[in-house]
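Engineer: Below you will find the structure I want to go over with you.
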Amino acid sequence: MDWNLILIGPPGAGKGTQAVRLRDELGLVHLSTGDLLRDHMARATELGARVKRFMDSGRLVPDALVTELLLSELPASGFLLDGFPRTPAQADALAAADDVTAVVLLDVPDAAVIDRLAGRGREDDRAEIVAERLRVYHEQTEPLVDYYAALGLLRRVDGSGSTDEVFVAVLDALGAVPA
Ligand code: B4P
C-alpha cells in the first residue's frame, strides 16, 4: 500500500523519533517542518533570522511560510509528514494539494513531555519555552484531532511508552505488518 501519512502530537511526543523508523519500515519520504525550519535558521539570511524569532519563543512560524516550504518538497505520494500540519489552515492547504491516507496522533501527557524535553537541550527546550509550546499546541494544533477524526483518518496511539513500544503500537494502528 502507498501511504501518505501524518504524525501529530504535542512537542516532544516523539514525532521525529518515530518518523525515522516509519520512514525506513514503510519506505516513505520523510518531511519534517521542524528540520526544514532549523535548516533555514542555520543560514545567516533574513528569512532564517525571522524563523528563529518564532521558534525560539515557542510560537508557530506563520502558516503561509511553512505551507509554501512544505508543499514545495511534497512528493505526489509515499510521504510521511512530521510536524505538519500544525493548524487547521495548514491542514486545509494540504487537503487541497494531496490525499492523506492516515493521521497518527502520538498521545503523551504534558508532564511526560516536560520531562523528556528537559533532557534534550535544544534552545527551544527551556522550561518556559516548553510551557509556551504546550499552550500553543493545545490552542492551535489540538483542533486537528477532531478535524481528522471527522474525516475517519485519525489513529490515536499511546505515545508514553518506550520508543520500541510506541513504534509497534503505531504499526498496529496502521494495520502495517513489520518487515
Ligand atoms: P519540531 O521540530 O516538530 O519539534 P517537536 O514537536 O519538539 O519534536 P518531536 O515530537 O518530533 O519530538 P522528538 O521525536 O524530537 O518543532 C519545533 C518548532 O518548529 C515548533 O515549536 C515551531 O516553532 C516550529 N514548527 C515546526 N513545524 C511547524 C509548522 N507546521 N507550523 C508552524 N511552526 C512549525 O522527541 C523529543 C525528545 O523525546 C527527544 O529527546 C527524544 O529522544 C525523546 N523521546 C522520543 N520518544 C521517546 C519515548 N518513547 N520515550 C522517551 N523519550 C522519548
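Engineer: From the set of residues in region 56-89 that are more than 8 Å from the ligand (Cβ to nearest atom) and acidic (Asp, Glu), which is farthest from residue 133 (Cα to Cα)?
Structural biologist: By that ranking, first place goes to 73.
Engineer: While we're here: Within region 32-47, can you find the residues that are small (Gly, Ala, Ser) and at pLDDT 95 or above?
Structural biologist: Answer for region 32-47, where residues must be small (Gly, Ala, Ser) and at pLDDT 95 or above: 32, 34.
Engineer: Also: Do we have residue 92 as under 25 Å from residue 126 (Cα atoms) and of a type outside the set (S, T, N, Q) here?
Structural biologist: So residue 92 does not fit the description; no.
Engineer: If you don't mind, there's one more thing I want to ask. Specify which of the listed residues (177, 145) is in a helix (DSSP H, G or I) and not aromatic (Phe, Trp, Tyr).
Structural biologist: Just a single option satisfies the conditions, and that option is 145.
Engineer: Looking only at region 90-134, filter to residues that are among the basic types (Lys, Arg) and open to solvent by 50 Å² or more (accessible area, probe 1.4 Å); which one of those is farthest from the ligand (Cβ to nearest atom)?
Structural biologist: Filtering region 90-134 for residues that are among the basic types (Lys, Arg) and open to solvent by 50 Å² or more (accessible area, probe 1.4 Å), the one farthest from the ligand (Cβ to nearest atom) comes out as 126.
Engineer: Give me the pairs: first residue in region 70-88 and farther than 23 Å from residue 146 by Cβ, second residue modelled with pLDDT under 95 and assigned to a loop (DSSP other than H, G, I, E, B), beta-carbon distance under 6 Å, and six or more apart or on different chains, which are they?
Structural biologist: Close Cβ pairs (under 6 Å, with a partner that is modelled with pLDDT under 95 and assigned to a loop (DSSP other than H, G, I, E, B)) amount to 77/2; 78/2.
The values are calculated or read from the model by the stated rules, or taken from the named source; none is laboratory data. Just so we're clear, the structure is a prediction, and the values are computed from it rather than from any experiment. Reconstructed Cβ throughout: ideal geometry from the backbone, glycine too, with neighbour counts over all protein chains shown. For accessibility, only protein heavy atoms count, side chains too; no ligands or nucleic acids. Shrake-Rupley method; radii C 1.70, N 1.55, O 1.52, S 1.80 Å.
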